[in-house]
Every structure is written in C-alpha cells, then in structure tokens.
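The values are calculated or read from the model by the stated rules, or taken from the named source; none is laboratory data. Note that this is a predicted model, so its numbers are computed, not measured. Cβ placement follows ideal geometry from the backbone for every residue including glycine, while neighbour counts extend to all protein chains displayed.
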Amino acid sequence: MLKEILKLEGVEELTKKQQKSLSGGEKCETRYEPMSVFEQESGQLLCMRRCRPSFLGIGFGSWSEWEHNVTC
C-alpha cells in the first residue's frame, strides 16, 4: 500500500529526520485551581494544566507536570 501511495503525483517520502520532527500536537487536561490571592485581586479564574503528546487526537506517552496559575 505504501508503494502505491508513493507513486501518486506530488507525494514524497519524508526522511527519518523529518519524521522525527513531526508533532501530532498535544492532548491537555485542565482543572480549576481553588481561588488564589491573585485570583481574588484580579478577578481571573486560574487553572492547572498538564499535557502529553498526541497523534490524531489520541494521547500517548507520559503526562507533563501540572502547570499552575494558567488562565482558564
């Protein structure tokens, strides 16, 4: 099947370096963080967020550490 796809006009196979540089994006999870001093003063809601690599919307790999004080 790969050979058939490569025969199509305008199609070229990526080098190994190009393949490694591709990123399918990230799948992130956001949680509300209880009211902080900053939130009380500014009126902005703050959340925690962590992400992991994603390909075609499917998350894989390890989650990052929670990032705090992210605007919701």
Select from the stretch 6-38 the residues that are within 11 Å of residue 70 (Cα to Cα) and at pLDDT below 80 and list them in ascending order.
33
I'd like to verify a number: residues in the stretch 39-72 that are of a type in the set (A, V, I, L, M, F, W, C), at pLDDT below 80 and out of contact with any helix residue (DSSP H, G or I) (no Cβ under 8 Å at 6 or more places or on another chain), how many?
4
